[in-house]
Each structure stands twice: as C-alpha cells, then as structure tokens.
Amino acid sequence: MSNLKMKEAALIYFDRSGGLQKFIDDCKYYNDSKQSYAVYRFNILINPSDVVELDAELGNHILHQPLKAAQVFQSVCFIAVKTLSLIGQLQTETQINIVLKLTHLPPLPSYGLNLCDFPLDYTSQRFYMMQGIVIAMTTVTKYTQGARFLCSDEACPLSEGFQYIRVHVPGATESATIRSDFLCNLCASSLQEDRKFRVLGDKQIVEIITTKALQAFQGYSNNQPFRFQSLTIFLRDESVNKMSIGNEYKIIGIPTCVKTSQTVCIEANSITFCNSKVPSEISNNFRCLLSLTSSSCWKFTAVLANIFASQIVPPGTYNLLKLCLLMSLVQTSDRKKELEDCLDILIITSDTLLVERLLNFSINLVPRGICHPVSAEIFPTLSRNKYGTGAVSIQAGSALLAKGGICFIGDLASHKKDKLEQLQSVLESRSITVYIPGKKFGGDIDQQMTFPVQCSFWTFLDMDSSSRRTTQKNNALIGQMDCSLIPANLMEAFGLLINCNESSPCHPLLPTVQHTLKKAIDPEKLLYVASKQFTTEDFEKLLAFAKNLNVEFSLEAERMIHGYYLASRRIRTDSIYGSKLSASALRYLVSLSEAHARLNLRNKVVKEDVLIAALLFETSLTLKYGATVFCVAPNAVFPFDLYNEEYLEQRDLYLTQCQQQLEQFIATYGPGTGVLSSDE
C-alpha cells in the first residue's frame, strides 16, 4: 500500500510539474524513430521541496534512497506508456531507465559533503552537495549505458524478448554492467549479450579541490601544516563538457567507492556554476579618505599606494610598484573575466627579497592569487587517467588555476627557454593549446584542446646577479634599460615593465633597512599609524568592491587614449622594423585607464585616468626602447615623497602640467596632423 501511495504521488507530481508532458514528447521521439531500442532513457527533473510538500515518504525516498525512488518513477512511466500507447516497441518495465535530476538539496549540514572532512560517506548511496574548483579533467570517452542479455539455451523462453536488461547505476564500473557470468533465472544457463542492442553514453572524469585548498598555492600560510586531496567527479551524458578547468561549481551527486582504485568518487547528478562574488563594503576609514581627497582625481590612489603593504615595506617606498600592483589587482574579477582586463607586470629589480615579499603579500588579497610552485607546471600538462578508462587527464597548471586572478611565477630566470616561449605565446594570444598525441595515449587520432588563460601574470628579474652584471652593456638610447638577457618578444608581451632598484627615487634605502630590522625583532608589531588605520582586511574589502565596478569611458577620455596610442605609434615607427608598439598596446592602455578609475571607486573613466595610464605605459616604453619626443621622467607618477597634503598638492600641479604636455603631444603627432612617419 505504501508503494502504491508513492506511485500515486509520483504521478501527481509528474503531472503538476510539467514532467508528464515532457515525458510524452520524449516517448514520441522514440516511437517515431526507425531504430530499435533495448533501453529507453528518460531524465526527470525533480524539485525535492515540492515533492516533500506533496508526499513526505516519496520525498524522503528521493533524498535518501534515490535508486528506489527511481524504481517508483519507472513503474509510473511504464504504466503511462502502456495506458497511452506511447511506445509501441516497449515490452518490459526494465527497458525504462529513469534518471532523477535534482534541482537542489535542502540547505542543511547533513546534505553537504565537506571535502575537508574525513572520512567521506560513500556507503549511504544518497545525494550530497559539494563545492569545488576543477583542477583536472579527461577527454570524453564512451561507457555502457544499457545492454540486453538473452539466455544461451535456445529452448528457453527467455532466449528472446527483453527480460534481461542491464543499466548503469551510480558507482558501477563497466565490468559490473557488462559481465559474462550472468545466469538465467529460469534454466540456469549462461546469459549472452545481444551486442547490437548495446547503448553507449558519454563519460568524462573531473577532479576538484575545495576552495580552502588554494592556501597551498598562495605565498603565505599561518604556519600550520595541512594537506588536501582532490575528489573525483564522474560526468555522464548531458553533464559532459559542462565543467571547465579553473571554474568553481556546486555539484549534487552520489558518493561511491571505486573498487579498482580504492578511491571515493562522485556520480554527478546536477552541476551549477558558482559565482564567488560576495557583496563587499568599504571600511569607514577608506570612506573618510575618499571624501577628503574628492577634490582631485589623483590623490586617493596616491595615498593608497603610499600606505599599501606597510607590513612589508615602509610607507612611501616602492610607490610606483605598489600602485601598479593595486591596479592589476582591481582588474581581476569575480564575474566572467574579459581577456582584455588582464594587466601583466614584469619587474626589474636588484632587491628580489623585498619585491618577492611584496608580491606574495599582494596576491593574498584576492581569492585567486596563485604563487606558482617551482616544482609544478605553469600551463596544462597531460597524464594517463588512473581509472583506466583510456582517457587522457589534463592537469590545470598554475595559470588556469588562477582563473580571474593573479599568477605570480617568481623569478623569470628560473624558467627554461621552452617555458618562456610558451609564456610569450600565452601573453600574446591569451590562450593555451594542449596537443594530445593519439598513439602515446592509446587513441586512434591526435586531438587538441584550447583553453582561455584568464589571469594576469606577475614576475620579476634580478638584475644584480653576477651573470647579468658581467654581460650588461652601455645603452645607446636615453632612458633605455639593458634587457638583452630577456627575449625581446617576451619583454614586449608584458604590459608593464617596472624598474625598481636602489638607485631609483622610489627606493630610499634607510627606511627600508630600519623597517627590516624592526620586523626581524618583532614580526607581528604594527610599525606605522597607517597599518593600524588601514588594515589588510580593509584593503581586501576595498579591492573586492572596486574590482566589480562596471566602468565606461567618457568621450574625452576615449579620444585622449586613442590620440595618445596613434601618436605614440607614429613616433615609434620606422621604415625598416615597422612599429615598436605591439598590437596589444591599446588593450593595455584601456586596461590601465579602467584600473585607475576602479581604484578611485568611480564608474566612469576620465582623462585624468588616461594620463596615469599614459605615464605608466610611456615609462615602460622608455625602459624598453628609450625616450622619444614625449619624454617622461622615471618618477613622473610620483615626483615627490608624499608626506602631507602640501606634497599631494604639488603632485597634482605636476600631473596637470604632464596632462597639458600629453594634450600637446597628441595635437602635434596624433590623428589628423600633418606630421607623418617615413612609411606613412
């Protein structure tokens, strides 16, 4: 009676939810098909809340005994097919394969599977919800969805018909569905598979890690040991290719134990993309600072750069680098990241220790800040799938794991030539192609997969090493750095080239030495007032708010950025080598302008933002190729030490003069002028 009541409830829900009409349409497809089927597969969308409200027992079965619940819906569907004459070829109830697709699970702790907990429950065969980031995935292969078996004794009545049907259930291996030791229930003869009725489906294996495990890839830790382990997800049929490496997902599935490898895996039932965007508010201290500096488009970001990372370096040092880091950080995004937003930084320095500390500190301020381990790979690699399915496993690598964030790859000199060539290609195309040789991995044909690389790259180069000191040469052009040890194309691929050395105005030596000594004595002590007023958490909230601002260009800002780009391209073009500005130069100028506007917490890019972008970009170009007509000082963005309001005012006056020079430069060499380069 209980089973009959659940069948009635299932039929009522089926009708009310619109599932019955969809089932009838699916049956029409099978009935109109000229192909003969042994198994008819139907997906039924289930809202557990609605079912529980209709019938608690049926709802309990769906949540805690999904295989038995599927049998209830199987009976209902079989009766519907026979009553309504939906599929003429259908003979037995076992031919119907029901897959229940859940919309959600109750938001209760007992339905969540925490990847950090041990041991995982894989014996209850019920639904759980888990959340994680994809770190590896295989190519798509086939599996047996269903098969028909017949008695080998021709005299037996069961040597024909569709009495013996095997379908895949969660946790079952291929050998569990297709075996040679099945016996006939009537005569005990062996069963043989009717191969022409075998139904194949698509299968893909994905590995995920919990978001907390990203601590292992970030430069800082709380000095407490921890370990993490990936969890294997089996995707089948409609779920195949619904997940991408580097993305975060919520997955509803049934945990099982794969006996061949003695590992716990999840049979995925439904997948939802996770948008990690969390509403953030700016601290009162930053609100107050923004209000006090509202009279200028430059003061707020100047103060931010001045006080940023005061736990690592004293305020007022490395201001240019810190401003660029902040601008790169606000160009990360929790929404679907545009490739044009990336802001890559290459730092030339003689103090790698402090620069590395500063970069490690900065990447921890965004959710996807990845410090690339030396022993790992930056870009995807191939390996054999440990589950023996014949598929190739593609491991993410640091760059894909840093999706929507920052990938700090350490010292550029620590990477081999082939990796640097690969990095250059990625910086130019913003994608990476993985080639899969068929012969090596047991396939028939070669394959290739292309992945978008949606992160900004940070790296530095130590110009003070003995090998570099002995090979440096005198530069023929004013302002140009000797970067002969960096491949020219790789250097051009980086949007920003920043010079941070002890002889530069941005690096006073004495405050840094005093700071280092005090921190060595008491690492936890806050040495400056700024560290107490504007904490690391305050900066995290500020960046979380700023990076999700939608910005648009004002008309005058758009004209200025295009005018500067065309003028700069014109004066850096010769008849032999062509233009020295790469095709991505305009993209970087746009990204820099947007970043400065976001850092100012504005929705509109104004010409003052374009000025900062032009100064930073021109400084980078000068280091690469030498100075030109639009001559920018190395310390143009921070011409004075910022001690008080008076120095901020002086900086504003200086930047106003720079803006006038930029406008004059555009008027002289920009579009529509009579000054032409030799090739023009």
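The values are calculated or read from the model by the stated rules, or taken from the named source; none is laboratory data. Since the structure is predicted, the reported quantities are computational estimates derived from the model, not experimental observations. FYI the Cβ positions are ideal-geometry reconstructions off the backbone, even for glycines, and counts take in every protein chain you see. Please note that ligands, DNA and RNA were not included when accessible areas were found on the heavy atoms of the full protein model with its side chains. Shrake-Rupley method; radii C 1.70, N 1.55, O 1.52, S 1.80 Å.
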> Which peptide among 391-401, 140-150, 610-620 comes first, and what is the full order, when sorted by highest mean count of other Cβ atoms within 10 Å?
Replying inline: 610-620, 391-401, 140-150
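Ranked from highest to lowest mean number of other Cβ atoms within 10 Å per residue, what is the order of the peptides 431-439, 3-11?
Numbers: 431-439: 13.7, 3-11: 16.8.
By packing density, highest mean first, the sequence is 3-11, 431-439.
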> Short version: ³J(HN,Hα) in whole Hz for each residue of the stretch 128-143, in order, from phi by Karplus 6.51 cos²θ - 1.76 cosθ + 1.60 (θ = phi - 60°), x for Gly and Pro, what are they?
Replying inline: 9, 10, 9, 9, x, 9, 6, 10, 7, 7, 9, 6, 7, 10, 9, 9
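On the accessible surface of the chain, probed at 1.4 Å, how many percent belong to carbon and sulfur atoms?
Numbers: 16620 of 31800 Å².
Answer for the chain: carbon and sulfur cover 52 percent of the accessible area.
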>> Can you give the FRET efficiency to the nearest 0.05 for Ser124 and Leu526, using r as the Cβ-Cβ distance and R₀ = 45 Å?
In response: 0.35
>> Using only the alpha-carbon atoms, how far is helix 2-16 inclined from the longest principal axis of the chain? Give it as 0 to 90 degrees, nearest 10.
In response: 50
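Quick one: length gained pulling Ser36 to Ala216 fully straight, 0.36 nm per residue minus the C-alpha distance?
Working: separation 180, 0.36 × 180 = 64.80 nm, distance 5.30 nm.
Length gained between Ser36 and Ala216: 59.5 nm.
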> Roughly speaking, what is the centre-to-centre gap between the stretch 278-321 and the stretch 606-654 when only Cα atoms are used, to the nearest Å?
Replying inline: 18
> Considering only the other residues whose Cβ falls under 12 Å of the Cβ of Leu105, what net charge follows from Lys and Arg at +1 and Asp and Glu at -1?
Replying inline: +2
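I need the peptides 491-499, 90-98 ranked by packing, meaning the mean over residues of other C-beta atoms within 10 angstrom, with the highest value on top.
Numbers: 491-499: 22.9, 90-98: 18.4.
Taking the mean over residues of other Cβ atoms within 10 Å, the ranking is 491-499, 90-98.
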>> What distance in nm separates the two pseudo spin-label positions at Arg287 and Glu238, each 7 Å out from Cα along the beta-carbon direction?
In response: 4.6
> How far, in degrees from 0 to 90, does helix 509-521 lean away from the longest principal axis of the Cα atoms of the chain, to the nearest 10?
Replying inline: 50
>> Let's test the formula: R0 of 35 Å, r as the Cβ-Cβ distance of Leu555 and Ser582. What FRET efficiency results, to the nearest 0.05?
In response: 0.85
> Which whole-percent values make up P(r) of the chain when all C-alpha to C-alpha distances are grouped in 20 Å steps starting at zero?
Replying inline: 16, 40, 27, 15, 3, 0
> What is the dipole size for the chain, taken about its Cα centre, with +1 at each Lys and Arg Cβ and -1 at each Asp and Glu Cβ, in debye to the nearest 20?
Replying inline: 900
> What spacing in nm lies between the two simple spin-label points modelled at Ser375 and Gln89, each 7 Å away from Cα in the Cβ direction?
Replying inline: 5.5
> How large is ³J(HN,Hα), in whole Hz, for each residue of the stretch 151-163 in order, when computed from phi with the Karplus curve 6.51 cos²θ - 1.76 cosθ + 1.60 and θ = phi - 60°, using x for Gly and Pro?
Replying inline: 5, 6, 8, 5, 6, 6, x, 8, 7, 9, x, 10, 7
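Using 0.36 nm times the number of residues separating Glu645 and Thr450, minus their current alpha carbon distance, what extension gain do you get?
On the way: separation 195, 0.36 × 195 = 70.20 nm, distance 5.13 nm.
Working it through step by step, the gained length comes to 65.1 nm.
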> Can you work out the FRET efficiency for the pair Ser429 and Ile12, with r the C-beta to C-beta distance and R0 = 56 Å, to the nearest 0.05?
Replying inline: 0.50
> Relative to the longest principal axis of the chain, what angle (0 to 90°, nearest 10) does the C-alpha long axis of helix 19-32 take?
Replying inline: 70
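Please report the relative contact order for the chain, taking Cα pairs under 8 Å with a sequence separation of at least 6, and give it as a percent rounded to a whole number. Intermediate values should be presented prior to the final figure.
On the way: 1168 pairs, mean separation 79.0, N = 680.
After rounding, I find 12 percent.
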> For the chain, what is the accessible area per residue in Å², given a 1.4 Å probe and the full set of protein chains?
Replying inline: 47
>> Can you give me the long-range amide H partners of Gln145? Hydrogens built in the peptide plane at 1.01 Å from N, cutoff under 5 Å, separation of 5 or more residues or another chain.
In response: Val199, Leu200, Gly201
>> Ordering Val39, Val264 by accessible area with a probe of 1.4 Å, largest first, what comes out?
In response: Val264, Val39
> Can you work out ³J(HN,Hα) from phi for every residue in the stretch 283-290, in order, using Karplus 6.51 cos²θ - 1.76 cosθ + 1.60 and θ = phi - 60°, giving whole Hz and x for Gly and Pro?
Replying inline: 5, 4, 5, 6, 4, 5, 5, 4
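Give me the net charge for the shell around Leu4: Cβ to Cβ below 15 angstrom, other residues only, Lys and Arg +1, Asp and Glu -1. Can you show the working numbers first?
On the way: positive: Lys5, Lys7, Lys68; negative: Glu8, Asp55, Glu57.
Neighbourhood net charge equals 0.
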> With a sphere of radius 15 Å drawn around the Cβ of Val303, what net charge do the other residues whose Cβ falls strictly inside it have (Lys, Arg +1; Asp, Glu -1)?
Replying inline: -2
>> So if each residue of separation counts as 0.36 nm, and I subtract the Cα-Cα distance between Arg179 and Leu420, what length gain in nm does that give?
In response: 81.7 nm
>> Under the rule of at least 5 residues apart or a separate chain, name every residue whose amide H is placed under 5 Å from the amide H of Glu207.
In response: Ile135, Ala136, Met137, Ile233
> Can you list residues whose amide H is under 5 Å from Ile46's amide H, if they're 5+ apart or on another chain and H is modeled 1.01 Å from N?
Replying inline: Lys101, Leu102, Thr103
